[in-house]
1. Output wanted: per-residue J couplings in Hz (rounded whole) for segment 109-114, from phi through Karplus 6.51 cos²θ - 1.76 cosθ + 1.60, θ = phi - 60°, x for Gly and Pro.
2. Please find, in a Gaussian network model of the chain (springs between Cα atoms separated by less than 10 Å), the residue of Thr44, Thr224, Thr21 whose mean-square fluctuation is greatest.
3. Take the Cβ-Cβ distance between Val29 and Arg94 as r, set R0 to 51 Å, and report the resulting FRET efficiency rounded to the nearest 0.05.
4. Under 12 Å from a label point 7 Å along Cα→Cβ of Phe217: give me every residue in segment 66-103 with its amide N that close.
5. Can you list the residues, at least 5 places off or on another chain, whose amide H is less than 5 Å from the amide H of Gly57, using H built in the peptide plane?
6. Subtracting the Cα-Cα distance from 0.36 nm times the residue separation, let me have the gained length for Ala184 to Asn40 in nm, one decimal.
7. Over segment 45-104, one equal point on each Cα, no solvent: what is log10 I(q)/I(0) by the Debye formula at q = 0.12, 0.16 Å⁻¹?
8. What Kirkwood radius, in Å to one decimal, follows from the Cα pairs of segment 29-151?
Amino acid sequence: MSNLLGISSSAVAAYQRALGTVSNNIANVGTEGYSRQTSNLAETAPIKQASMYLGSGVIFDSVKRSFDVFAESNLRNSNTDLATQTPMLNYAQRVMDIMGDKSVGLSSALDDFFGAANALSADPASSVLRSSFLRSSEGVSSRFAELSGQLGLVGTETNQALESTTKQVNTLTTQLALVNQNMASSSNEDGQSAEILDRRDLLLRQLSDLVRIKASFDTNGSVTVALGSTATQGIVVSGMK
């Protein structure tokens, strides 16, 4: 009877904690960066009676994240490719739109200028043609000034975007260094909490949205982040700094 009650008690306690894990998953279904957690149950040590070993119940062993390292790495790489190409495409498209705009671009103004020049060459003494040529020359000049202003605006916005991105990168790398610091107390990744690992992976994902990164992981889960073409070039996070 005592064995029956002991096994029942351990089972109730184990599944109560497992239900707590399920409740935590439900509560965090909308939390950014949260990885679903699963409960691992383990058999308790059997009890020897006479020549036999009898089961003694179950214990709640651990909580693991439902996490795919390969999928997460591919996601970061895809984010990085998109993040590095999107600004270039956007700004290139803006420059093309400015250059091709009939009211701002040079094409129509140059057409008018060369048309007026050809007409004037046929009748240089005509005051009307000379006036038309001067007006078309002034039009080309004003178009160059307008283009200079528009392209200067694009350049200013580009510099502002770079400054903003740099500040965000600095903030994220500082937070990653703090995460590494919190991980230093454990010698292996299995000893880290699911929350700190989720935080690390979310920060890496956000960083990959801004710049191309190379991430390498220590045995305790701490991360080294580099902005160069390899994991050893342009390191911005290494350990707790």
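Bear in mind these aren't lab numbers, they're just calculated from the coordinates by the rules spelled out. The structure presented is a predicted model; accordingly, all values stated were derived computationally and were not measured. Heads up, the Cβs are rebuilt from the backbone with ideal geometry, glycines too, and the neighbour counts pull from every protein chain shown.
1. Those phi angles translate into 5, 5, 4, 5, 4, 6 Hz.
2. Thr44
3. Working: r = 39 Å, r/R0 = 0.77.
FRET efficiency, Val29 to Arg94: 0.85.
4. Residues 66-74 qualify, since their backbone N sits under 12 Å from the label point.
5. Residues meeting the criterion, in which the H sits 1.01 Å from N, are Thr44.
6. Length difference between fully extended and current span is 49.3 nm.
7. Each listed q corresponds, in turn, to -0.65, -0.77.
8. Details: mean 1/r = 0.0450 Å⁻¹.
It works out to 22.2 Å.
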